[in-house]
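Okay, so here's the structure we're looking at.
The values are calculated or read from the model by the stated rules, or taken from the named source; none is laboratory data. Note that the structure is a prediction, hence the values are computed from the model and not measured. Because the Cβ atoms are built from the backbone with ideal geometry, glycine has one as well, and the counts that use them run over all protein chains shown.
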Amino acid sequence: MKMRFLGIIYTIVMLVMLKVLLGSFGQDDFSKRDMVYYNDKIEQINDAYNSGMSVGDIKKQYNCDILLRDDSDYMSKLYGCYANYGLVVDFEPDEVIGKICFVAEENAFSDAKGNVRRNIIYIWVALFVSGYVFMFVLYYNYIRPFKELKHFSGEVAKGNLDVLLPMHRANLFGAFTESFDLMREELSKSRKREAEAEKSKKELVAQLSHDIKTPVATIKATCEVLEMQEKMKADASDATLEKIGYISNKADTIDSLISNMFQATLEELEVLEVKPVETDSRIISGFFDELSSYGNIVVDNELPECLVYMDKLRMEQVIGNVIGNSAKYAGTDINVSYKLCEEVAVNGAGIASGLHNAKDANTIGKNNFLKITVRDYGPGIPDEDIYNVTEKFYRGKNAVGKQGSGLGLYLAKFFMEKQLGGFECYNDNGFVVELYLKKV
């Protein structure tokens with residue numbers, strides 16, 4: 001219904017009311033007097049009086065009032081009859097001796113006044129009701145949609161893009177409101193795409209930041225070796241030692257900057273993406289070979305050949321973090337051993353030896369995991385810190401004066417669990433880390 005239709009309907013209602021009002025003044029709600037009837041009555045009254053009927057009986061029988069000239073109130077009664085629009089004729093049985101007054105059966109003026117009043121009340125009620133109907137239609141079809149649109153735009157302005165804009169069948173602004181709702185949906189999709197892009201960017205920064213730390217650590221370790229070798233020479237060059245020290249200092253600066261950037265980025269991320277796939281276990285030995293610059297890594301036994309669930313990049317980071325920690329805090333030989341788990345104890349929450357995210361703990365039995373044990377022979381971790389070393393940004397007392405972000409073991413445990421495996425660390429004549437990879 002358009003606004004012009006409402007105007008047309010309201011105009012029609014007003015014209016009908018006007019016609020009724022004008023018609024009420026043209027109505028003739030009473031009949032004209034029948035003078036033949038009254039003439040007959042007058043003759044009957046005269047005959048009755050001549051026959052000896054009393055005036056009182058004549059009044060009762062013919063429903064009239066007889067005013068005799070001899071009466072003391074003759075004139076006052078006569079004026080009263082005129083005032084009430086009565087029909088007054090001479091009373092003359094033989095001669096005129098008074099007046100006969102017939103009171104009108106309806107008062108023309110009173111009737112007309114009553115009819116007008118009644119019609120005006122009807123019209124007022126009709127206009128009152130039609131006005132409220134008009135206001136309701138106006139509110140329902142025009143004002144209400146704008147109120148809903150106002151609420152909708154307010155919620156969108158607050159950032160609530162999940163609010164829905166109601167659609168009504170009789171909504172005159174259907175296309176308008178639908179466009180606003182489409183705008184909301186597009187804004188919501190755009191926000192999600194932006195959030196996903198921002199998250200991907202932060203994850204990329206976090207990954208690159210942490211991955212850069214490994215080559216930087218290698219550069220620093222190489223500088224230490226070169227410095228030791230140069231000092232052992234009989235003709236050690238101060239210029240060479242200065243250059244090696246300069247490279248080592250710049251590596252420390254890069255490491256510090258990368259740590260700050262990585263920490264700031266990781267605080268805004270809930271998770272780092274890990275995608276474990278079926279992988280040949282033999283590539284693990286290569287990860288340790290690449291870390292020979294950290295120190296003497298001794299492999300105690302042969303690596304079992306099997307398929308394990310592994311994210312190659314994340315596993316390389318885990319091993320780099322574990323070996324780097326041992327080299328930094330222990331400074332001893334590092335032993336690596338491999339073993340297929342023959343049996344793993346299970347509790348209600350998962351695997352007792354650190355496999356907290358196993359999908360079905362009740363199915364875990366013999367030879368389901370490849371265990372990699374990394375052991376150093378340093379002082380280990382203080383007992384009061386051992387349970388917290390895998391927490392984010394936690395650094396124990398033994399880390400005082402040494403560079404680091406407190407994220408190495410946290411990420412190692414996190415990545416191992418996301419690969420369907422587990423992580424365990426403890427003190428045993430040194431510091432021991434056990435890494436569990438789930439077999440296919």
query = How many residues, within segment 139-189, are modelled with pLDDT under 70, surrounded by 12 or more Cβ atoms within 10 Å (Cβ to Cβ) and assigned to a loop (DSSP other than H, G, I, E, B)?
reply = 7
query = Any residue in segment 293-302 that is part of a helix (DSSP H, G or I) and at pLDDT 80 or above?
reply = yes
message = Cβ-Cβ distance below 7 Å, separation of 6 or more or different chains: which pairs start in segment 145-163 with a residue that is not assigned by TED's automatic domain parsing to the domain that holds M183 and end on one that is of a type in the set (D, E, K, R)?
response = V156/R184; L161/R184; L161/R191; V163/E155
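Table: residues versus (1) modelled with pLDDT of 75 or more; (2) exposed (fewer than 13 other Cβ atoms within 10 Å of the Cβ).
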| position | (1), (2) |
| --- | --- |
| M1 | no, yes |
| I8 | yes, yes |
| S24 | no, no |
| K32 | no, yes |
| M53 | yes, no |
